[in-house]
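Some notes on the structure that comes next.
The values are calculated or read from the model by the stated rules, or taken from the named source; none is laboratory data. All values derive from a computational prediction rather than experimental measurement. Neighbour counts are summed over all protein chains in view; Cβ atoms, including those assigned to glycine, are modelled from backbone coordinates with ideal geometry. Areas reflect the complete protein model, heavy atoms only, side chains present, ligands, DNA and RNA absent. Shrake-Rupley method; radii C 1.70, N 1.55, O 1.52, S 1.80 Å.
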Amino acid sequence: MTTRIGVVTFPGSLDDSDARRAIRIAGGEPVALWHRDKDLHQVDAVVLPGGFSYGDYLRCGAIARFSPVMQTVIEQAKAGMPVLGICNGFQVLCESHLLPGALTRNDHLHFVCRDQRLRVENAGTAWTSDYESGQEITVPLKNGEGGYVADERTLDALEAEGRVVFRYLDVNPNGSRRDIAGITNEAGNVVGLMPHPEHAVEALTGPTTDGLGFFTSAVKKLVAS
């Protein structure tokens, strides 16, 4: 049976088509989901893509969090459905309180676009099982408000519980606390990160194919479940 993975399109989404392509390359069936539609159309997992949902008004992801589709995504995520938030999608997950902390303006106050090295810290989530802990990968990064922040108690808990999934290497591109590039929830089914794995799935267009593992991990997990 084909694994159906939905990709939500909000007004201002930029990378939804790239996410759908990555899912297809990984062997899944991409399903387009619209922000005003509560129905997830029987998908097995959901990707919240990068972009500038609702023009990033108020705060990045703050309005998208109240979209009709997010009501169902939040319910299903709490019930165990795998959900991946990339860049703006990570911001939406934090605004939805599916993940702790927040994403703030880059500390240097400039938009950054670069190929970014990362270290995989947790290979036990629904989206990272095709990696190994300690593995180093390179995927594109592009954000203006990508600095991950949380209070010290939350940061300590994330570290102690192994919920830091990715960490920046070589350079911290946005001032994220403790070089955190991505985190997961306690159950490991919800993952958010600022870098863009969907842009690193084909040798022709990406700096590497290191991002493909996100999508193959989810496909394999769902086929096995």
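Please give the FRET efficiency for L58 paired with E152, using the beta carbon to beta carbon distance and R0 = 25 Å, rounded to the nearest 0.05.
Given R0 = 25 Å and the Cβ-Cβ separation, E is 0.40.
Once phi is turned into θ = phi - 60°, what whole-Hz ³J(HN,Hα) does the Karplus curve with 6.51, -1.76 and 1.60 give for every residue of the stretch 209-220, x standing for Gly and Pro?
Karplus values, whole Hz, x for Gly and Pro: 10, 5, x, 4, x, 4, 7, 5, 4, 5, 4, 5.
Among the aspartates and glutamates, select those whose C-alpha is under 18 Å from the C-alpha of K220, and discard any that sit fewer than 8 residues away in the same chain.
Within the straight-line cut-off, K220 pairs with E29, D44, D130, E132, E198, D210.
Any chance you could check the Cα centroid distance between the stretch 18-90 and the stretch 140-216 for me, in angstrom?
Between the Cα centres of the stretch 18-90 and the stretch 140-216 lies a distance of 17 Å.
Accessible area per residue for the stretch 4-224 in Å², computed with a 1.4 Å probe and the full protein assembly in place, what is it?
Each residue of the stretch 4-224 exposes 41 Å² on average to a 1.4 Å probe.
Given H placed 1.01 Å from N in the peptide plane, which residues other than close sequence neighbours of D44 have an amide H under 5 Å from its amide H?
Placed amide hydrogens put R4, I5, G6 under 5 Å from D44.
Considering only DSSP beta bridges with both partners in the chain, what is the antiparallel share in %, to the nearest 5?
Working: 21 of 37 bridges.
In the chain, approximately 55 percent of DSSP beta bridges are antiparallel ones.
Going Cα to Cα from K221, which lysines come in below 25 Å? Please leave out same-chain ones fewer than 8 positions away.
K38, K78
Short version: ³J(HN,Hα) in whole Hz for each residue of the stretch 6-19, in order, from phi by Karplus 6.51 cos²θ - 1.76 cosθ + 1.60 (θ = phi - 60°), x for Gly and Pro, what are they?
Here the 3J(HN,Hα) series is x, 10, 7, 10, 9, x, x, 4, 10, 10, 5, 5, 5, 5 Hz.
Can you list residues whose amide H is under 5 Å from E145's amide H, if they're 5+ apart or on another chain and H is modeled 1.01 Å from N?
Residues meeting the criterion, in which the H sits 1.01 Å from N, are N106.
Just flag the chymotrypsin sites (Phe, Trp or Tyr not before Pro) in the stretch 6-66 sitting in loop per DSSP whose Cβ has no more than 13 other Cβ atoms within 10 Å.
For chymotrypsin sites (Phe, Trp or Tyr not before Pro) across the stretch 6-66 that sit outside H, G, I, E and B with at most 13 neighbouring Cβ atoms in 10 Å, the list reads Y57.
Over the chain, calculate the relative contact order: mean separation of alpha carbon pairs under 8 Å at least 6 apart, over the residue count, as a percent.
Worked out over the chain, it gives 21 percent.
Exactly which GluC sites (Glu not before Pro) in the stretch 98-171 are in a DSSP loop and have at most 13 other Cβ atoms within 10 Å? All intermediate terms of the calculation are to be shown ahead of the outcome.
Working: sites: E121, E132, E136, E145, E152, E159, E161; in loops: E121, E132, E145, E161.
Taking the stretch 98-171 and a limit of 13 other Cβ atoms within 10 Å, the loop GluC sites (Glu not before Pro) found are E132, E161.
Hey, any idea what % of the chain's accessible area is carbon plus sulfur with a 1.4 Å probe?
The nonpolar share, carbon plus sulfur, comes to 49 percent.
Using a ≥ b ≥ c from the Cα gyration tensor of the stretch 4-224 (square roots of the eigenvalues), is it rounded, prolate or oblate, where a/c under 1.5 gives rounded and otherwise the larger of a/b and b/c decides, a/b for prolate?
Rounded.
For H110 and F66, compute 0.36 nm times the residue count separating them, minus their Cα-Cα distance, and round to one decimal in nm.
Taking H110 through F66 to full extension adds about 13.0 nm, to one decimal.
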